[in-house]
Amino acid sequence: MSTDLLPDDLEPLERAHWEALQEGRLEFQRCACCHHAWLPPRPECPSCLTSQWGWELAGGFGELISWVVYHHAPQPVLRARLPYAVALVELDEGPRMIASLQGVPGDALPWCGARVVLSVVDVEGLRLARFGLVAADSRQGASRVGAS
Ligand SMILES: [Zn+2]
């Protein structure tokens with residue numbers, strides 16, 4: 001586990017989220033009153049403002065809402081990764097999050113609405129959430145349809 005690499009100044013809810021990710025789990029918050037689900041972590045439901053909520057484990061699948069390919073590095077440490085894609089993903093459970101999008105070939109760009117799958121990857125000792133496009137033959141439930 002790489003929690004030693006987490007910044008010291010993380011808020012407690014951010015720390016809980018990042019510590020779960022270091023253990024390989026993507027967790028989000030769900031409101032106990034209105035059932036709204038959200039990321040990033042915050043102390044109140046952004047929909048109804050209650051502080052009654054709980055953590056839930058993301059199933060690992062979602063939909064590509066939007067994406068961008070960076071051809072210029074905003075920080076020098078990212079130059080070696082150019083070009084790289086960053087996506088806005090809506091998890092199947094509802095929360096939206098921004099993360100790297102893996103495996104985007106330059107000639108076959110993804111489409112909005114594409115299915116994506118989560119992977120938690122180690123980047124220089126810190127585990128980060130990344131998404132990749134789901135192949136058409138491995139979509140959730142596809143094997144069940146094929147077997148009937
Ligand atoms: Zn709520």
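Pick out, from region 60-118, the strands (runs of 3 or more DSSP E) lying fully within it that include 2 or more residues that are among the hydroxyl-bearing types (S, T, Y) and either touching an Asp or Glu at 6+ places or on another chain (Cβ under 9 Å) or not assigned by TED's automatic domain parsing to the domain that holds R25 (or both).
Ranges flagged: 61-70.
Only one residue in L78, L126, L133 is out of contact with any Leu (no Cβ under 9 Å at 6 or more places or on another chain) and modelled with pLDDT under 95, so which one is that?
L78
This table checks each residue for (1) assigned to a loop (DSSP other than H, G, I, E, B); (2) more than 10 Å from the ligand (Cβ to nearest atom).
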| site | (1), (2) |
| --- | --- |
| D9 | yes, yes |
| R15 | no, yes |
| P41 | yes, yes |
| S47 | yes, no |
| T50 | yes, no |
| E56 | no, yes |
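Any chance region 114-123 includes a residue that's among the hydroxyl-bearing types (S, T, Y), over 10 Å from the mean Cα position of the chain (by Cα) and at pLDDT 85 or above?
No.
Which one is nearest to the chain's Cα centre (by Cα) among residues in region 17-34 that are within 12 Å of the ligand (Cβ to nearest atom) and more than 16 Å from E90 (Cβ to Cβ)?
The residue in question is C31.
Within the set of pairs 6 or more residues apart or between chains, which connect a residue that is closer than 11 Å to R30 by Cα and of a type in the set (F, W, Y) inside region 40-54 to a residue that is assigned to a loop (DSSP other than H, G, I, E, B) and within 10 Å of the ligand (Cβ to nearest atom) with Cβ atoms less than 9 Å apart?
W53/A32; W53/C33; W53/H36; W53/E44; W53/C45
The values are calculated or read from the model by the stated rules, or taken from the named source; none is laboratory data. These numbers were taken from a predicted model, which means no experiment stands behind them. Note that we place each Cβ from the backbone using ideal geometry, even for glycine, and neighbour counts take in every protein chain shown.
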